[in-house]
Each structure stands twice: as structure tokens, then as C-alpha cells.
1. Counting Lys and Arg as +1 and Asp and Glu as -1, what is the net charge of the other residues whose Cβ lies under 14 Å from the Cβ of B:TYR322?
2. In percent, what relative contact order does chain B have, based on Cα pairs under 8 Å that are 6 or more apart in sequence?
3. What is the diffusion coefficient of chain A in µm²/s, taking the Kirkwood radius over Cα pairs and the Stokes-Einstein relation at 4 °C with a viscosity of 1.567 mPa s?
4. State, to one decimal in nm, how far the label point of A:ARG111 lies from the label point of B:ASP31, with both points 7 Å from Cα in the Cβ direction.
5. Would you rank B:LYS45, A:LYS46 by solvent-accessible area, highest first, keeping every protein chain in place and using a 1.4 Å probe?
6. Can you give the FRET efficiency to the nearest 0.05 for A:ALA141 and A:PHE82, using r as the Cβ-Cβ distance and R₀ = 22 Å?
7. Excluding ligands, DNA and RNA, what is the solvent-accessible area per residue of the stretch A:77-142 at a probe of 1.4 Å, expressed in Å²?
8. Accessible surface of B:MET328 in the full protein assembly, 1.4 angstrom probe, to the nearest 10 Å²?
Amino acid sequence: MSEHANDHANHHDHHGGHSGSENEPGLFGILSEYETADGLIAATKKAKAEGYEFMDGYSPFAVGDVADAMGYKRSEMAPVMFFGGLIGCLAGFCMQWYLSAYDYPVNIGGRPYLSWPSFIVITFEMTILTTGLSGVFGLIALCGLPQPHHPLFGVPQFDRASRDRFFLCIEAEDPKFDAHKTMEFLQSTNAVSVVEVPLT
Amino acid sequence: MATLTLPKEKPIPEELLPISGGKHNLGTVTDAIGSVVLDPAKTPKQFWYTLAVSFLFLLLFVYAVAYLLIWGVGIWGIHIPSAWGFAIINFVWWIGIGHAGTLISAILLLFHQTWRTSINRFAEAMTIFAVMCAGTFPLLHMGRPWFFYWLYPMPNIAGAWPQFRSPLVWDVFAVTTYFTISLVFWYIGLIPDFATLRDGTKSKIGRIIYGTLSLGWRGSAFHWKRYEKVYLILAGISTPLVLSVHTVVSFDFAISIVPLWHATIFPPFFVAGAIFSGFAYVIILGIPLRNWYGMGDFITRKHLDLCAKVMLGTGMLVCFGYFCEIWMSVYSHSKYERATTWQRLFGPYGWSYWCLITCNFVVPQLLWSKRIRNNDFWLFVISIVVLIGMWFERYVIVITLTREYLPSMWGRYTPTFWDWATYLGTLGLFTTLFLLFVRFVPMISITELREQLPRAAGGRDGHSISENAS
């Protein structure tokens with residue numbers, strides 16, 4: 001996995017659009033539009049080969065190869081959900097242990113206070129609950145959502161990113177970014193349209 | 001279907017693709033499903049008739065609950081020995097219905113059954129509304145529902161805690177987790193669809209509402225990568241969860257020492273019954289959606305056929321459970337088990353057992369016929385019969401309390417008007433919520449359907465969500 005892409009994924013989500021650019025003030029990046037997912041994948045690979053690092057693909061459904069091409073092959077979600085679940089598992093079991101054996105012990109026919117088999121169900125349910133919630137809140141937080149405003153929403157074509165078009169945006173933050181050259185490069189990737197995205 | 005020039009990872013037979021006819025592309029899929037929400041003219045007149053009737057039943061529910069809150073649970077037919085009555089029958093019935101939604105959305109996803117894509121969204125909505133209806137019964141049965149939070153371990157001035165060794169407390173945790181996870185699973189699936197509606201709507205209010213619900217989703221490749229992983233893991237954890245929920249519900253009975261309740265067959269038997277009734281409800285909801293909303297391209301004959309087959313299969317598992325119960329009572333040599341079985345078959349409530357056998361064993365045998373599976377009318381009727389049968393199953397189990405160990409413990413149970421009003425009222429609550437869902441939320445996942453399109457039409461050849469996740 002490319003460390004850079006991973007950094008970029010976080011960087012991009014936390015500051016996307018608001019940090020401005022040293023290369024091109026007033027410009028978020030350059031956006032190219034494709035008719036197919038394969039067109040976007042090919043363009044992403046080409047941009048990567050060209051040396052661009054700060055870019056992002058946009059598609060109306062998940063196209064795993066785009067993130068792969070950008071070097072973001074594995075997301076952070078599995079460890080987030082694993083540790084979320086582990087916390088719920090331990091908290092669920094220890095809560096029952098503490099409350100049943102120490103805080104409010106009830107002697108029922110001399111049976112042990114730490115009757116762990118009867119605590120398994122709630123431990124299990126707590127594990128599932130915290131795994132799921134850590135995944136959902138982790139996803140929202142890591143993606144920097146909710147983010148009602150984004151410079152891309154100002155581009156009229158971009159409405160179709162949630163419908164039937166695929167987009168690649170090379171961002172102005174990229175060290176290799178040059179408004180003129182990047183635009184020429186993107187035009188060479190069989191794009192339907194290539195436009196500048198102003199910072200808004 | 002167009003010829004595929006690119007290599008396919010995993011060929012899928014055409015009749016199992018969720019989109020039939022090959023005349024759809026990314027745009028038409030979006031319009032066909034999104035326009036039901038965005039264009040009021042697309043709402044069929046049957047929507048209003050059904051909404052009017054279900055709203056009347058919802059009012060009946062409100063009336064019954066208000067009366068109950070004023071007078072207490074004495075207005076129901078419950079008493080000792082049958083202290084739960086309709087409340088637990090309806091609780092188990094509703095929560096069982098919910099299970100098919102999770103089975104479709106989670107288990108079939110893990111098994112790469114791409115056909116689930118056409119029905120998972122509304123089946124998940126069915127789950128959420130069914131669990132809401134289920135939850136009302138134990139809450140109302142508590143007598144003082146406004147103290148429901150006492151069920152949870154909350155620090156309190158009396159220093160008392162729930163009894164964690166009780167299956168009733170397990171049930172609280174299981175159902176709460178089930179509802180929460182089903183809700184977030186549904187919502188995560190909806191985020192990209194809300195973004196589609198946000199970009200597709202012409203009304204400003206619509207854009208604000210759907211924009212807020214979509215959280216500003218813009219389809220970034222980085223976001224999709226995380227999204228797919230979360231979705232897959234949620235499916236992975238929902239699978240044991242759904243099996244655990246009805247297992248815990250069955251523990252409410254099986255942990256006791258009542259004859260015929262104290263049985264190891266209860267958990268698998270309950271789970272099979274839940275899926276049986278849930279698929280019946282999916283068919284009942286799917287047939288009108290298909291016919292009234294013209295969703296025949298997405299919810300095809302094949303989908304209803306597969307649902308009917310799952311219903312037949314799980315129905316046979318449930319019937320195996322019925323015969324097992326009788327066999328165990330004979331084989332156990334326990335006179336209480338035998339006597340209670342005799343009472344169940346030929347006692348004062350014997351008629352309900354034979355209703356159960358008719359509805360759940362005899363009538364579903366018709367589903368062996370392909371002609372009946374392919375007939376909307378008969379499939380609809382059989383599904384309703386199955387739901388009635390599954391209701392009787394819980395009735396038969398609960399009514400066992402009127403005839404157990406000692407004749408001095410025997411009694412009778414008769415539901416009152418208020419029992420029926422609450423039960424029929426939840427049907428109104430469910431249908432009203434479901435109709436509002438169909439009106440304001442895409443009833444089929446637009447995003448997932450796009451992936452199912454052939455490459456030539458812009459999709460990924462039925463590439464399922466689980467294959468992208470990492």
C-alpha cells in the first residue's frame with residue numbers, strides 16, 4: 001500500500017477544498033468526465049503513471065479499481081470495527097460480571113456469582129452493537145462527513161456523478177499540478193469534458 | 001442483452017441478473033426508481049386507497065393504546081396462567097417477519113446472491129417497521145411503558161440491576177441491537193441513493209432534505225473503499241445477529257420448564273419459522289410494488305419464484321419441527337410431555353393446532369407447482385395463509401400455558417376486543433410506515449442495481465458489493 005495515498009485519503013477528507021493551493025490560488029483542481037467506469041480506471045492509472053498524487057475519482061457506484069489505482073488498496077475500516085467490537089465485548093462481559101458478582105450479588109441456590117455461560121448472550125449482542133456502530137461512525141468520521149459544501153458541487157456536470165458519469169479530479173495541491181499542463185494531460189485521457197473547478 | 005467484449009470474472013445466468021430485458025442503463029435505472037420518489041404523478045391510485053385503509057387501522061392502534069394507558073393491561077384477556085397472551089404472540093410474529101429482511105440483505109450478500117439487490121431495500125424497511133411493531137407489545141405489556149428504561153442497566157437510586165441471567169433481559173439486548181444494526185445497515189445503504197435524489201430533485205426543500213440525509217456524499221473513490229468494507233462487515237455481523245435474535249426469543253420459552261417449551265429444538269425451529277413468515281411478507285409486499293409501480297424489470301417473476309422456494313424450504317423445516325415435537329413427547333416417556341401434546345392436538349384449543357398444520361404444512365405444498373409459484377394471485381394468497389399459520393404457531397405455543405402440569409394450574413384464555421384492536425392496529429402502523437417509505441425513499445437500491453448492469457450498459461456485470469470491499 002502506498003503510504004502517500006493513505007495520507008492523501010485522510011488529508012483530502014479533512015481539508016478537501018478549504019486549504020487552497022500554492023500552485024494555483026483560487027483553483028480546487030481540474031475535473032475530467034468519463035462515460036464508463038473503465039474509462040475512469042484507465043485515466044486514474046495514467047495519471048498515477050504521470051506522477052500525480054493528489055487526485056480522487058468519483059463514481060455513481062463503487063469501483064474498487066479506482067482507489068486501487070491511486071494506491072489506496074486497503075481501508076482502515078476493518079481494524080476500526082475490530083477494536084470497536086472488542087471494546088463492546090469486554091465492556092459487556094465486565095459490566096455483567098461486576099454488577100452480578102460485586103455490586104448486587106444475588107445468591108440463587110448457591111450458584112456461582114460469575115455464572116459466565118448466562119452472560120454470553122449479552123456479551124455477544126454488545127459486541128455486535130459496538131462493531132456496527134464503530135463502523136458507521138468510523139466511516140462518517142474518516143470520510144469527513146457530513147460535508148454539505150464541496151467545491152465540486154459547484155460544477156454543473158458533477159450532478160451526474162451520482163447518476164451515470166465518472167469523474168477524475170486532479171487537485172491543485174498536487175506538487176506536479178499546473179493548470180495548463182494538467183488540463184492538457186486530462187484531455188488526452190479520452191475524457192468527455194475537462195473543466196476547472198474553482199475554489200468556492 | 002448486449003454482447004460482452006470484456007472478460008467476466010464470474011458469469012451470472014441472465015435470468016438471475018436483477019435487471020431483466022437488457023434495455024436499461026445507468027440513467028434509466030436511476031429514473032425508473034428515483035422518479036417514484038421525485039415525481040408525485042408516479043404514485044398509483046392504489047397507494048392512496050391502501051394508505052387510507054391502513055391509516056384507519058393506525059388510528060385504531062392509537063385508540064387502543066390510549067385506552068390501555070388509561071385503564072391498564074386489565075383490558076386485555078391476559079390472566080394467570082396465560083399472562084402473556086396476545087402480547088407475546090404478536091411480538092414473536094412481528095419480529096419473525098423482520099428476519100427475512102436481514103436474511104436477504106446480509107446472508108444472501110455473503111453468499112454472492114446478486115438477485116437479492118432487487119428486493120433487499122424494501123425487505124430491510126420491512127425489517128425495521130416489523131421490529132418497531134414487535135417492540136410495542138412488550139412495552140405495552142409492561143403496564144407502565146414510560147418506565148421502559150428500567151429494562152436497561154442504568155444506575156439508579158435503589159441500587160438494583162437487571163437480572164442478567166434472565167432470558168427476558170437477553171431479549172431486551174438482542175432486540176435493541178437488532179433494531180439499531182438493522183437501522184444503520186439500511187441507512188448506510190441509503191446514503192448514495194439520497195445523494196442521487198439530492199442531485200436529481202428540482203425542489204429546493206427536497207434538495208435540503210435529501211442533501212442532509214446524504215451527508216454530502218459525493219461518490220469519492222476513497223469513500224467508496226471504506227463504504228464497501230463497512231457494508232460487508234455489517235453484513236457479516238448481521239448474519240449471526242439475526243440468528244441470535246430469534247434464538248434468544250425462543251429462549252424466552254425454552255429456558256422455562258413448561259412441557260413442550262423446554263426443548264432444544266426451539267432455537268433452530270424459531271429461526272426457520274421466522275424466515276418462513278418473513279419471506280411470505282416479502283412476497284406480499286413485492287407483488288404490489290411490482291404491479292402497481294411497474295417495477296417488473298427489477299422485481300421479476302424469477303425473484304418471486306425464488307422467494308417462494310425459500311418459503312417452501314423453510315416451511316418444510318418448520319413442519320419438521322412440529323413432527324419432532326410430537327415424536328419427542330412420545331419418545332421421552334414423560335407423561336407431562338405426552339399429556340400436553342394430547343391437549344395441544346385434541347384439547348380445548350386443538351382447533352388452533354389443526355389450523356396451524358393446514359396453513360403451514362398443507363397449503364404451502366401447492367408451492368411445489370411452478371404454475372402456482374408463477375401466479376401472482378395464488379402466491380399472494382398462499383403467503384397470507386402462511387402468515388396466518390405462523391401466527392397460529394405462536395398462539396399454539398403460548399396457549400400451552402393453559403394446560404400444563406397440574407389441573408389446578410389449568411385455565412382458559414380469550415382475547416378481548418382490545419387485544420384484537422392492538423394487533424390489527426400494528427398492521428395499520430406497519431402498512432402506513434411502509435407506504436410512506438415507498439413514497440419518500442427509493443424502494444430498490446439504485447446504487448447497487450447500477451453495478452448489476454452489463455458493462456456495455458455502464459455497470460460492472462453483476463459485480464457484487466462484497467467483491468470490491470477491502
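1. 0
2. 32
3. 66
4. For the pair A:ARG111/B:ASP31, the computed spacing is 6.5 nm.
5. B:LYS45, A:LYS46
6. 0.85
7. Result: 51 Å² of accessible area for each residue.
8. In the full protein context, B:MET328 sits at about 100 Å².
The values are calculated or read from the model by the stated rules, or taken from the named source; none is laboratory data. On a predicted model such as this, the values are computed, not experimentally measured, just so you know. When we count neighbours, we look across all protein chains shown, and the Cβ atoms used for this are built from the backbone with ideal geometry, even at glycine. These area figures cover heavy atoms from the full protein model, side chains too; ligands, DNA and RNA do not enter into them. Shrake-Rupley method; radii C 1.70, N 1.55, O 1.52, S 1.80 Å.
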